[in-house]
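Let me give you the structure first, and then I'll get to my questions.
The values are calculated or read from the model by the stated rules, or taken from the named source; none is laboratory data. These numbers were taken from a predicted model, which means no experiment stands behind them. Every residue, glycine among them, receives a Cβ derived from its backbone with ideal geometry; neighbour counts consider all protein chains shown. To get the accessible areas, we keep the full protein, side chains included, count just its heavy atoms, and leave off ligands, DNA and RNA. Shrake-Rupley method; radii C 1.70, N 1.55, O 1.52, S 1.80 Å.
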Amino acid sequence: MSWHSMYKSSKFRHVYGKAGSREQCYEGIPITHSVHDNHFCAVNPKFLAVVTESAGGGAFLVIPLHKPGRIDPHHPKVCGHQGSVMDIRWSPFMDNIIASSSEDCTVRIWQIPDGGLRRNMTEALMILIGHSRRVGLIEWHPTCSGILLSAGYDCKILIWNLEEGVAVKMIDSHPDVILCMSFNTDGSLLATSCKDKKLRIIDPRSGKVLQEADCKSTRVNRVVFLGNLKRVLTTGVSRWNTRQIALWDQEDLSAPITEEEIDGLSGVLFPFYDADTHMLYLAGKGDGNIRYYEVSPEKPFLQFLMEFRSPAPQKGLGVMPKRGMDVSECEIFRFYKLVTLKGLVEPISMIVPRRSSVCVCAGPQLISLKEAYKRPNPAGLRASKRDRRTVKGIDLLENITPNTDKELLKMVFKQQDEIRKLKDELGEKDERIRQLELELKNLRNT
């Protein structure tokens, strides 16, 4: 097999990671020291939520996304749980609704005011009681707003109907602790990884296990569906104690399609998949780097693209939904990285650069010589003083009706040129306003 048939050039090979500046970070956050393998961070276009250290129960901060900077030590918290908070997830349908699970064996639904919290919130919108041990994972259904899944250390998955506040289904096919859950695109399948080293594909409606893989040689930690490719990706540890990833066919888990060893570190690898670009991101707990790959339905299946490096280790990562991306900056993915040692939440944008036109060969700009001769304007087309206005050196002609198509075309070109000049001037003013706002913010901080 030739080299060209195995490896192909990717249009995302130049994607790079850009860490946010200090003005874009959130500082002074007492990030939790829990050793539970979770992200402890959730984000949507309106709010950033971070699990924090708290005495006498569990709590998490909710910060308006447009208010970065140093957080007040007395910033209001959501603190209704009686035990440490283990997982938080924003609703994908309502930006003000967030779910949390805790060591107190409950799942709680909270409604955050539009402007953020002004005082500590202790009263939950709904309290879901059904687990006999602490609840480590929660997951919203991707297509139904009233369905939430929770997995506890009692080895059970409960499916909650939030309109009635009751559990409508219990899945008890796991003999040990459930480590990860992932829905497919339409929510018709649920993939789980368990401490018994098995990967399962489950029908959430019936609770029946459709496929099961016995990973005796590896320990599977995390699992994620890869969009509409009918593939499942797992991260785990091989028999030689090296971190590895494996790609599976969701309809046949008898053997992985491909496996790849990553490194010899011990932190859990968290996978993040972007179904729009078919890119896979791998971030290890305690690592400072984020690797990214392109996933394809044919060989080589997983193609390594590049790696974002940072000296600060990450405890967890929140991911912004696609509707919160800054497409004007060519942003295709955004992480919110928890740095426990600095009490910092740092945004990291993955950017695909625009195709440059600097080196493109272009022909000369030509015009027709027939239109080069300018005839004097007829008497009826001359603009009088009352018909002419000047805006900062730019003439605007009013009430002039062209007689021919050529004259109309010339007027259109002239107006387009005037509009372009005005847009350039407006852009310069906007840049100056942003600089002044930044200087004012710096003066207030000092």
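So which residue, out of ARG239, ARG118, ARG434, gets the largest mean-square fluctuation from a GNM of the chain using Cα contacts under 10 Å as springs?
The residue that fluctuates most here is ARG434.
Sticking with this one: Under the classification rounded if a/c is under 1.5, otherwise prolate if a/b is larger than b/c and oblate if not, where does segment 38-96 fall, given a ≥ b ≥ c as square roots of the Cα gyration tensor eigenvalues?
Oblate.
While we're looking at this one, here's another question. Roughly to the nearest percent, how much of the accessible area of the chain is carbon and sulfur, given a 1.4 Å probe?
Summing carbon and sulfur atoms, their accessible area is 51 percent of the total for the chain.
What is the count of Lys pairs in segment 168-297 whose alpha carbons sit under 21 Å apart, if the two are 8 or more places apart or on different chains?
Eligible lysine pairs with Cα atoms under 21 Å apart amount to 11.
Nearest 10 degrees, 0 to 90: what angle lies between the long axis of helix 405-445 and the longest principal axis of the chain (Cα atoms)?
Approximately 50 degrees, to the nearest 10.
Next question, about the same structure. Based on the mean of other Cβ atoms within 10 Å per residue, sort peptides 416-422, 12-18, 269-275 so the most packed one is first.
269-275, 12-18, 416-422
On to the next question. Rounded if a/c is under 1.5, else prolate if a/b is larger than b/c, else oblate: which is the chain, with a ≥ b ≥ c the root eigenvalues of its Cα gyration tensor?
Since a/c reaches 1.5 and a/b is larger than b/c, the shape of the chain is classed as prolate.
Follow-up question, since we're still on this one. Specify whether the C-alpha gyration tensor of segment 1-128 places it in the rounded, prolate or oblate class, a ≥ b ≥ c being the square roots of the eigenvalues: rounded for a/c under 1.5, otherwise prolate if a/b is larger than b/c and oblate if not.
Prolate, because a/c is 1.5 or more and a/b exceeds b/c.
Just to confirm a number: summing +1 for Lys and Arg and -1 for Asp and Glu over residues other than GLN244 whose beta-carbon lies under 13 angstrom from that of GLN244, what do you get?
+1
Choose one of LEU438, ASN120, VAL295: the residue whose Cα lies farthest towards the positive end of the charge dipole of the chain (beta-carbon charges +1 Lys, Arg; -1 Asp, Glu; about the Cα centre).
Of the candidates, LEU438 comes out farthest on the positive side.
Among 423-433, 328-338, 100-110, 119-129, how do they line up by average Cβ neighbours within 10 Å per residue, starting with the highest?
100-110, 328-338, 119-129, 423-433
Return one whole number: the accessible area per residue of segment 19-69 in Å², for a 1.4 Å probe.
37 Å²
Using a Cα-Cα cut-off of under 21 Å, which lysines could be cross-linked to LYS429, ignoring same-chain neighbours fewer than 8 residues away?
Partners found: LYS392, LYS421, LYS441.
So for TYR153, TYR293, what's the accessible-area order with a 1.4 Å probe, most first?
TYR153, TYR293
Mind telling me which of GLN82, GLN303, GLN435 comes out most flexible in a GNM of the chain, alpha-carbon contacts under 10 Å?
Greatest mean-square fluctuation among the candidates belongs to GLN435.
Taking the alpha-carbon centroid of each part, what is the distance from segment 103-145 to segment 225-260 in angstrom?
Each part's Cα centre sits 32 Å from the other's.
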